[in-house]
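The values are calculated or read from the model by the stated rules, or taken from the named source; none is laboratory data. Here the structure is a predicted model, which means the values were calculated and not measured. So basically every Cβ, Gly included, is an ideal-geometry build from the backbone, and we count neighbours across all protein chains shown.
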Amino acid sequence: MDTPKVQLNKEAQRLNQIKETTDDHKFQRLLELLSLESELRLLEKKVDLYFTISNETIRLVPYDQSVVFTCQQAHPSKKSNKNPIYSFSAVTVSSLSTIDKESPFIIWLHTVIYHVAKHYSLTELLEINPGMLSDDLRSEWCHWCPGHVLWCPLLDKEKRLLGGVWLIRRALWEQNDKVILTRLMEAYAYTWQVLSPKHSFQQQIKRIVAGRKKWIALALLMISIIPVRLSVLASAQVVARQPILVTAPLEGVIKEIMVQPNQNVAKGDLLFTLDDTVIRNQHSLALKAYDVARANYMRASQQAFADVRSKAELAVLKATLAEKKAEADYQQALMERIRIVAQHSGVVVFSDPNEWIGKPVVVGEKIMTIADIHDTWLDIWLPVDDAVNLESGAPLRLFLNVDPLNSIPAKLEQTSYEAELSPKDILAYRLKASFQSDEQLPRLGLKGVAKIYAEYVPLVYYIFRRPLSEARRWFGL
């Protein structure tokens, strides 16, 4: 199957064969018009179109010289009754491969076109004569244009001026020539638009905005004062409202941890044990010392009946016995405290057990916490740069990392008045928020992002709040 280009070539050859076999002048001109239109569809570059317009139009309408102009239109004010302002540029001249835009003829021609465009409409066929020009331009007319001039516009679908053709010939322009040129200019203009690059997005925006700047500015002003609720984002984590700390009751080394992280425990369950080597030895020594003190006291008590000296030592030995008994009781109490049990039911929260086994701890050092899974709230860290005026009771929504498409409603309860370093080493305010519903509470320890809502502000403030804050910081305002 032939390509479109091959089909067009065959069509042009067929039209040429028909022209050679007929003697009717009008019919030949019609065939020439169809042939030229077929050739236009084969063009691939705009430069080729310029050359065709300036050099091939003579096949239908005779002329002495032609100049092709491109045109760009500036958008006039709606209140102005003047003709639109155009910017013209000559691109080709018939019988020339290139043109010198600084030549006297081209400069004079540009001046004439601008002058005519100010006083006449260039969107339709126009015969230009010296009477339409100023005295300065009219004096050079005979030198540059020895004949009759016809302006042929090239219009797009919206009747906007794309360019034009300046035709010069010594004979008068007849009506049938104008009819053929009108038809031919439509074909040229269509090909012109096909070969023109598509408007970019920015150019389309400019075309839409042009002439509507006041209305767009008014619409933007109205939109900018629409009240919207100010909101900020902050990292959040589900934590226990009243966690029970489990600390080391005495100084020692952790021997064994009996539970796993996030394990449910009941009251009295064994959590972990401390190494009892030192305490057991000290307890044994204390018991031996207590036995020795008791034996000395019993011996002195028996000798006190006959020996006055033993009776005098009896009080000292009794005090020594009481001291050793207290030491033994103390060591016994320490032995009982090396086994740490849960004081309340809940979930055990701590890090990896292997990190604690064999680790020395001091009295009061936090080992783990026991949390009630039915009594949780949100721990939120709001960076100082994002801080806004937040009041107790402000609504917020939690978006968990494990379920970012759904949100959980909550209510702000506490806000800190002084910023502190967050776990991410960021200066932030610490906030607390409670969930509005007790049904299907998120699991303890889950993290996410909290969207906190503040008061209503204009949309323009909502958009430019952070940029203005950064600008004030940089410029010291």
Show the residue pairs meeting these rules: Cβ distance below 6 Å; 6+ apart or different chains; first residue within the stretch 109-122 and closer than 16 Å to residue 136 by Cα; second residue in a helix (DSSP H, G or I) and of a type outside the set (D, E, K, R).
112/137
Of the residues 386, 379, which is of a type in the set (D, E, K, R), in contact with a strand residue (DSSP E or B) (Cβ under 8 Å, 6 or more places away or on another chain), at pLDDT 90 or above and in the same structural domain as residue 440 (by TED's automatic domain parsing)?
379
Would you check which residues across the stretch 411-420 are in contact with a strand residue (DSSP E or B) (Cβ under 6 Å, 6 or more places away or on another chain) and farther than 27 Å from residue 437 by Cα and list them?
419
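Residue-by-condition table, conditions (1) free of Cβ contacts under 8 Å to residues at least 60 places away in the same chain; (2) not in a helix (DSSP H, G or I):
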position	(1), (2)
425	yes, yes
428	no, yes
441	no, yes
444	no, yes
448	no, yes
451	no, yes
454	no, yes
470	yes, no
Does the stretch 249-272 include one or more residues that are touching a strand residue (DSSP E or B) at 6+ places or on another chain (Cβ under 9 Å), touching a residue at least 12 places away in the same chain (Cβ under 8 Å) and over 30 Å from residue 445 (Cα atoms)?
no
Of all residues in the stretch 218-245, count the ones that are closer than 13 Å to residue 461 by Cβ and either among the small types (Gly, Ala, Ser) or in a strand (DSSP E or B) (or both).
6
Residues within the stretch 245-256 that are surrounded by 17 or more Cβ atoms within 10 Å (Cβ to Cβ) and either among the β-branched types (Val, Ile, Thr) or within 50 Å of the chain's Cα centre (by Cα) (or both), tallied:
3
Filter the stretch 435-450 down to the residues that are charged (D, E, K, R) and farther than 14 Å from residue 241 by Cα, then identify the one that is surrounded by the fewest Cβ atoms within 10 Å (Cβ to Cβ).
439
Test residue 87 against the stated conditions and say whether it is farther than 28 Å from residue 36 by Cα, of a type in the set (Gly, Ala, Ser), surrounded by fewer than 18 Cβ atoms within 10 Å (Cβ to Cβ) and touching a strand residue (DSSP E or B) at 6+ places or on another chain (Cβ under 8 Å).
yes
Close pairs (9 angstrom Cβ cut-off, 6 or more residues apart or separate chains): at pLDDT 75 or above in the stretch 293-321, among the acidic types (Asp, Glu) anywhere:
293/323; 296/313; 300/307; 300/313
Considering the stretch 83-100 alone, what residues qualify as being in contact (Cβ under 8 Å) with a residue 12 or more places away in the chain and farther than 23 Å from residue 182 by Cβ?
85, 87, 89, 95
